Amino acid sequence: MGTVNREHLKHVAAEKALFLVKDGMVIGLGSGTTMAHFIDLLGDLLRQRKVSRIQAVPTSETTAEHARRVGIPLTSLDEHDVLDLAIDGADEIDLHLNLIKGRGRALLREKIVAAHARRFVVIVDESKMVRRLGTHGPLPVEILPFGARAHLRWLASLGCQAELLREPSGDPVHTDNGNYLAMCHFPHGITDPYALADCLNAQPGILEHGLFLDMADTVVVGTEEGVRILERNTT
């Protein structure tokens, strides 16, 4: 799938999700390349006065800057701890609508915002759909800088190759929260994401991980044949 075509599929998925935004909503705005399309489109709607009284909680400083630039009013979880809607992209989505997110450095804030939303909607192009999580790329894990090498060795004991995400200069990448980001490469993917999530959640120094399990309510997928809407089965 070519780059131009992938951008088109991201755009059509973002357009479809835009219909979920209603007057007066407080929404969570995710991060990443697909969300950039959505933010631009939402800014257009606001300028054209097709929606009004929208406020948004951004999941990253980059998203906040983009939203300000296109005229989307911003607020915070301190002001609105229940969001009508959170919309975000994903790095991978499996058949059960479980996600890997956060390779763009914002996983902790993304998970917090999604957890405060009445409805969590994910927009992607079809290349993000996988049969097993972790097969197309690493699992990002936000770790405390204190004891970073020890955290990496512990992560490697889980059967992955763990390394810090680094800037071109060689310095560790810092998240918006001032932490480090470990990239965990599982050679055969993640066989049991729930067990792995429980293990990561219990380890001191592991601040958050990119497994978003049983969180997505709706997934909007841009495909060559059109837009597909997938809903999580809650029964």
- Message: Pull out all pairs, ordered by first then second residue, where Cβ-Cβ is under 6 Å, the residues are six or more apart or on different chains, the first lies in the range 209-235 and is in contact (Cβ under 8 Å) with a residue 40 or more places away in the chain, and the second is assigned to a strand (DSSP E or B) and among the charged types (D, E, K, R).
- Response: T218/E231; V221/R228; G222/D125
- Task: Kindly establish whether R6 is assigned to a helix (DSSP H, G or I) and of a type outside the set (D, E).
- Result: yes
- Message: Filter the range 116-155 down to the residues that are out of contact with any helix residue (DSSP H, G or I) (no Cβ under 9 Å at 6 or more places or on another chain) and hydroxyl-bearing (S, T, Y) and list them by number.
- Response: T135
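Got a sec? Which of L74, L108 is within 27 Å of L46 (Cβ to Cβ), outside the structural domain of T175 (by TED's automatic domain parsing) and touching a strand residue (DSSP E or B) at 6+ places or on another chain (Cβ under 8 Å)?
When all the criteria are applied, what remains is L74.
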- Output the number of residues of the range 14-28 satisfying the condition of being surrounded by fewer than 18 Cβ atoms within 10 Å (Cβ to Cβ) and within 15 Å of R53 (Cα to Cα). 5
- Query: Yes or no: E65 acidic (D, E) and touching a residue at least 24 places away in the same chain (Cβ under 8 Å)?
  - Reply: no
- Leading residue by the ranking (farthest from G178 (Cα to Cα)) among those in the range 104-127 that are of a type in the set (G, A, S) and part of a loop (DSSP other than H, G, I, E, B): G104
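Listed here are the residues, each with its yes/no results for (1) modelled with pLDDT under 95; (2) of a type in the set (K, R); (3) assigned to a helix (DSSP H, G or I).
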site	(1), (2), (3)
G43	no, no, yes
R53	no, yes, no
E65	no, no, yes
I72	no, no, no
D78	no, no, no
A90	no, no, no
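Given the criterion over 13 Å from the mean Cα position of the chain (by Cα) and either under 22 Å from A216 (Cα atoms) or loosely packed, with under 15 Cβ neighbours inside 10 Å (or both), identify the matching residue among S52, S60, S31. If you could, list the steps in order and put the result at the bottom.
Working: S60 fails: over 13 Å from the mean Cα position of the chain (by Cα); S31 fails: over 13 Å from the mean Cα position of the chain (by Cα).
Step by step, each of S52, S60, S31 is checked, and only S52 is over 13 Å from the mean Cα position of the chain (by Cα) and either under 22 Å from A216 (Cα atoms) or loosely packed, with under 15 Cβ neighbours inside 10 Å (or both).
Pick out the one residue from V113, V220 that is assigned by TED's automatic domain parsing to the domain that holds V21, touching a helix residue (DSSP H, G or I) at 6+ places or on another chain (Cβ under 6 Å) and either at negative phi or surrounded by fewer than 21 Cβ atoms within 10 Å (Cβ to Cβ) (or both).
Working: V113 fails: touching a helix residue (DSSP H, G or I) at 6+ places or on another chain (Cβ under 6 Å).
Step by step, each of V113, V220 is checked, and only V220 is assigned by TED's automatic domain parsing to the domain that holds V21, touching a helix residue (DSSP H, G or I) at 6+ places or on another chain (Cβ under 6 Å) and either at negative phi or surrounded by fewer than 21 Cβ atoms within 10 Å (Cβ to Cβ) (or both).
The values are calculated or read from the model by the stated rules, or taken from the named source; none is laboratory data. Fair warning: this is a prediction, and the values are worked out from it, not measured in the lab. Neighbour counts run over all protein chains shown; Cβ positions are idealised from the backbone, glycine included.
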